[in-house]
Amino acid sequence: MDLREAMGRLNGIPGVQGAIIVDGEDGIPVEADVMEHIRAPVVAALAAQLFRRAARSAQAAQFHELRSLQLEAELGNVFVAAAGPLLVVVVSDQDANLGLVRVEAARLAEALA
């Protein structure tokens, strides 16, 4: 799977404002395709930190391995999917089709893992 093509499919979903491939440990963007107003390094760091904490909580609650995480806020959403040591992060507005975001992000995560 071509990374740019897969990120383009994510960004082609109405309401999606960007896709970022993130180093899950360091929270540093590896690849980003986001709208100009999205600060990819900030979103990457936030997503990685939230995912690490949620993964620890899932383990402590004996839910085993965390696969994805979704943050819904007043002005938008952040979806994070595990891809081995990487994370697929998608930023969207409230009107995005989150089911389609999940499917496309999971496909990309599977290809990267």
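The values are calculated or read from the model by the stated rules, or taken from the named source; none is laboratory data. As the structure is a computational prediction, the values presented were derived from the model and not from experiment. Don't worry about glycine lacking a Cβ; one is built from the backbone with ideal geometry, like all the others, and counts go over all protein chains shown.
Looking for something assigned to a loop (DSSP other than H, G, I, E, B), modelled with pLDDT of 95 or more, crowded, with 18+ Cβ neighbours inside 10 Å and of a type in the set (A, V, I, L, M, F, W, C) - is there at least one such residue anywhere in the stretch 35-51? No, every residue in the stretch 35-51 fails to be assigned to a loop (DSSP other than H, G, I, E, B), modelled with pLDDT of 95 or more, crowded, with 18+ Cβ neighbours inside 10 Å and of a type in the set (A, V, I, L, M, F, W, C).
When Asp33 is tested against (1) in contact with a helix residue (DSSP H, G or I) (Cβ under 7 Å, 6 or more places away or on another chain); (2) closer than 17 Å to Ala82 by Cβ, exactly one condition is not met: (2).
Scanning the stretch 89-102 for residues that are out of contact with any Asp or Glu (no Cβ under 9 Å at 6 or more places or on another chain) and either surrounded by 14 or more Cβ atoms within 10 Å (Cβ to Cβ) or in contact (Cβ under 8 Å) with a residue 40 or more places away in the chain (or both) yields Val89, Val91, Ser92, Asp93, Asp95, Ala96, Asn97, Leu100, Val101, Arg102. Of all residues in the stretch 2-15, those that are on the phi < 0 side of the Ramachandran plot and assigned to a loop (DSSP other than H, G, I, E, B) total 4. Set side by side, the residues Gly18, Gly27 differ, and just one is among the small types (Gly, Ala, Ser), buried (at least 16 other Cβ atoms within 10 Å of the Cβ), outside any strand (DSSP E or B) and touching a helix residue (DSSP H, G or I) at 6+ places or on another chain (Cβ under 7 Å), which is Gly27. Can Leu75 be described as out of contact with any Leu (no Cβ under 8 Å at 6 or more places or on another chain) and in contact (Cβ under 8 Å) with a residue 24 or more places away in the chain? For Leu75, the condition - out of contact with any Leu (no Cβ under 8 Å at 6 or more places or on another chain) and in contact (Cβ under 8 Å) with a residue 24 or more places away in the chain - is not met.
Is there a residue in the stretch 73-82 that is modelled with pLDDT under 95, assigned to a strand (DSSP E or B), farther than 15 Å from Asp23 by Cα and of a type in the set (A, V, I, L, M, F, W, C)? Yes: one or more hits. In the stretch 52-78, of all residues being surrounded by 16 or more Cβ atoms within 10 Å (Cβ to Cβ) and among the polar types (S, T, N, Q), the one that is nearest to Val91 (Cα to Cα) corresponds to Asn77.
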